[in-house]
Amino acid sequence: MFEGWWIIAVALGYVSALFALAWFGDRVMRSKKGGSGRPLIYALSIAIYCTSWTFFGSVGQAAETGYDFIPVYLGPILLFALGWPLVLRIVQLAKSQNITSVADFLAARYGKSPAVAAIATLVAFVGVLPYVALQLKAIAVSIETLLGGSPLVTIELPRVGFMDTAFAISLTLAAFAILFGTRHIDATEHQDGLMLAVATESLVKLTAFIAVGLFVVFAMFGGPLSFWAEASASREVQAIFGQELRGGTWLTVTFLSFVSALLLPRQFHVTVVENNSATEVRRAAWLFPVYLVLINLFVVPIAVAGLLRLPRGSADPDFFVLTLPLSVGAEWTSLLAFVGGLSAATAMVIVESVALSIMICNGVVVPLMLRHRLNEPVSHEDMATPLLLVRRIVIGAVVLLGYLVYKALGDSQALAAIGLVSFAAIAQLAPAFFGG
């Protein structure tokens with residue numbers, strides 16, 4: 001097993017590398033806006049949809065319910081592969097109105113109503129907190145797993161002063177989001193460095209997950225044929241993956257994932273606000289669905305391998321990606337899996353908190369400030385500094401509240417169950433968004 005401080009060093013080193021990459025992107029890519037590489041970065045940044053729910057939770061869900069994880073990805077595949085003209089139309093409307101968030105878009109559809117913007121902001125804020133908590137839980141439990149913890153063996157995670165590991169990671173992510181997500185008051189200005197970091201994280205988590213899948217199939221089972229033979233002989237595997245298709249569940253989750261792939265604050269931000277051209281949408285129309293297929297190729301094999309090789313109750317199915325390599329002494333493969341899961345979680349927390357800070361600032365704080373100033377003599381005071389401060393405070397509050405939700409949830413909830421709560425909350429915005 002790994003030493004606790006060494007794991008923390010890897011995590012902080014990885015996040016520091018993202019700092020450097022984002023800094024590079026801000027300095028270099030700004031002069032190449034619209035270049036040949038921008039559509040690729042745009043498409044990969046949309047893959048922020050794949051969080052630790054995808055990296056860890058899909059395997060756990062497959063190990064419990066068979067193929068019920070698939071509808072989570074059917075929705076976004078349908079949205080971009082078949083519905084990309086709708087996405088393009090939304091982007092065009094947003095650009096024409098200088099829209100910076102889902103709340104702004106909804107307000108614009110209903111006479112630029114401040115009340116609509118405020119209600120949408122509140123729904124998004126409350127709905128996303130469990131999703132942020134999911135990411136922090138995934139980071140903390142993955143560290144515990146690498147240190148030798150399991151459902152049967154609990155351990156004390158390393159602490160940084162008075163802070164536990166999850167809180168220290170939360171502060172680091174909040175600092176990253178503040179430094180690279182609130183540098184300019186104009187929310188419509190593209191944040192090239194941040195998007196480059198997010199796109200890179202998409203490649204990291206895809207590479208890590210495929211590497212673990214190949215290791216499980218070829219190194220642990222000797223190849224697809226022997227893997228298939230052993231899986232076919234297992235009654236437990238056949239019982240789980242031989243269940244009848246639950247059509248109602250599939251339809252419901254497909255709908256939730258369809259709307260969430262666009263209406264989650266981070267998804268709207270990377271898909272709409274960060275868009276530069278129609279070319280980028282057309283590239284994402286096929287590249288993002290391909291990405292979703294690739295990152296799910298080994299979900300079932302890893303879940304089956306966990307059921308075959310790990311005694312029931314000895315490991316959390318959500319973290320088979322980590323425990324399977326560890327069970328055969330492949331510590332470096334498990335470390336790669338940890339970095340992939342960390343990448344999936346950090347990208348979500350950073351962009352989600354930035355997007356929510358813009359929503360709250362524009363949808364709640366600015367209208368209140370303007371209403372207050374109407375009752376005062378005309379002032380030429382610069383509002384940029386206080387608004388930037390508000391965004392930074394909101395980012396810190398989002399991450400902190402996500403941490404508190406994580407502590408309140410404890411270890412009882414599966415990652416997929418937590419994620420679906422946020423999907424259901426965000427779906428409340430869908431009728432007004434698509435049918436207004």
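Brief remarks follow.
- Net lengthening on full extension, Ala115/Ser226 (0.36 nm per residue, minus Cα-Cα): 33.9 nm
- Distance between the pseudo-spin-label points of Leu400 and Arg89 (7 Å out from Cα toward the beta carbon): 4.3 nm.
- With the helix formula -39500 (n - 2.57) applied to DSSP H stretches of n ≥ 4, the chain reaches a computed 222 nm mean residue ellipticity of -22500 deg cm²/dmol.
- For the listed peptides 223-231, 43-51, a ranking on the average number of other beta carbons within 10 Å per residue, highest first, reads 43-51, 223-231.
- Formal net charge of residues neighbouring Phe241 (Cβ-Cβ distance under 13 Å; K, R +1; D, E -1): -3
- In the chain, a dipole from Cβ-located charges (positive for Lys and Arg, negative for Asp and Glu) runs towards its positive end, and of Phe268, Ser96, Tyr49 it is Ser96 whose Cα lies farthest in that direction.
- Computed from Cα atoms, the angle from the helix 247-263 axis to the main principal axis of the chain rounds to 40 degrees.
- For the chain, the Cβ-based charge dipole about the Cα centre amounts to some 1020 debye (Lys, Arg positive; Asp, Glu negative; other atoms uncharged).
- Each Cα pair under 8 Å and six or more residues apart adds its separation to the average, and for the chain the resulting relative contact order is 38 percent.
- Using a simple spin-label model with pseudo-atoms 7 Å out from Cα toward Cβ, Lys407 and Phe19 lie 2.5 nm apart.
- Computed with a 1.4 Å probe over protein heavy atoms only, the accessible surface of the chain comes to 40 Å² per residue.
- Angle between the chain longest axis and helix 192-214 axis [Cα atoms, degrees, rounded to 10]: 10 degrees
- At an R0 of 60 angstrom, the distance between the Cβ atoms of Ser277 and Arg312 translates into a FRET efficiency of 0.70.
- Fully extending the segment from Arg235 to Ile210, taken as 0.36 nm per residue of separation minus the present Cα-Cα distance, adds 6.3 nm.
- Segment 260-345 - percent of accessible surface contributed by carbon and sulfur, probe 1.4 Å: 64 percent
- Spatially close Lys pairs in the chain, defined by Cα atoms under 29 Å apart and a spacing of eight or more places or different chains, total 8.
- Averaging the Cα positions of each part gives two centres, and for segment 66-92 and segment 198-217 these lie 22 Å apart.
- The charge dipole of segment 189-324, taken about the Cα centre with unit charges on the Cβ atoms of Lys, Arg (+1) and Asp, Glu (-1), comes to about 300 debye, rounded to the nearest 20.
The values are calculated or read from the model by the stated rules, or taken from the named source; none is laboratory data. Predicted model only: the values in this text are computed from it and were never measured. All Cβ positions, even for glycine, are placed from backbone atoms using ideal geometry, and neighbour counts span all protein chains on display. We work out accessible area using only protein heavy atoms, side chains counted, and drop any ligands, DNA or RNA first. Shrake-Rupley method; radii C 1.70, N 1.55, O 1.52, S 1.80 Å.
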